[in-house]
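Laboratory data are not the source of any read-out in this text; all were calculated from the coordinates shown. Predicted model, so just to flag it, every value in this text is computed and none were measured. Here the Cβ positions follow ideal geometry from the backbone for every residue, glycine too, while neighbour counts run over all protein chains shown.
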Amino acid sequence: MRKQGDRTVVDANWKLSDDGKTLTDTFLGNQPDGSTSRVDLVYKRADGSAASSGIPGTWETTEEKMDTAYEIEIRPYQNDGLTFQASGGVPPNNVKFDGKEYSAAGASPVAGSATTSARRLGDHSIELTKKLKGKIVETREITISPDLKTLTMTRHLVDQRLPNVLIFDREG
C-alpha cells in the first residue's frame, strides 16, 4: 500500500501459486479525482531464475488486464519536436529530433534528473531513449500504421528481458 497523506494512492496484492511458478498482482489505483483503476497482472518465473520458495526471483509478465483506459496524446512541439502527454497526471514530455536530451518538462536537463532524447527511424517510426542520472533506463520504439489509425509502442527496459508492447487506437 502506498499513501499520500491520509489518502491511499496504490494498493497491490500479490499471490504466489502453490508450485511457486506463477505470481499474480492485483493493482488498485486511486486517482486524485476519486476514480479508481485496476490492473491485473500474471507473471511466470523466468527460465533460469532460482526456483526458490517465495517471491524472490526473475518474473516475466504473461498476462495484463486493465479496467481503465490508458491514453497518450502526441502533438507538435515547436517546429521540430513532439509532446507526449500520458493520462494519469504525468508531466508532459517534450522532445526534439536534434540529438539533445530533454527533461520531462522540456527544459534543459538538470543533473540527476530523467531525460529523453529522440530520433527518427523512418517515416512512420521514432525511438525515444530515456536516461536517469546519465544511464539509459528505457528505449521506446513508436510506430504509426500506414493508415495512421494504430500506434504501437515497444518499451525496452534495461532490467527486463522481454519488451512491453502497447497498442493504441486513434480517437476521433
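Tabulated data
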| item | result |
| --- | --- |
| Projected label distance in nm at Asp67 and Ser145, using a 7 Å step from Cα toward the beta-carbon | 2.9 |
| Distance violations [Cα-Cα > 29 Å] among Lys44/Lys130; Lys65/Lys133; Lys15/Lys131; Lys15/Lys135; Lys65/Lys130; Lys3/Lys133 | Lys65/Lys133; Lys15/Lys131; Lys15/Lys135 |
| Student exercise, the chain dipole from Lys, Arg, Asp, Glu Cβ charges, in Debye to nearest 20 | 560 |
| Percentage relative contact order, the chain, counting C-alpha pairs under 8 Å, at least six apart | 9 |
| For the chain: span of alpha carbons on each principal axis (Å, largest first) | 56, 41, 40 |
| Radius, Kirkwood style, for region 72-169 when every pair of distinct Cα atoms is counted (Å) | 13.9 |
| Dipole of the chain [Lys/Arg +1, Asp/Glu -1 at C-beta], most positive-end residue of Leu128, Thr36, Ile167 | Leu128 |
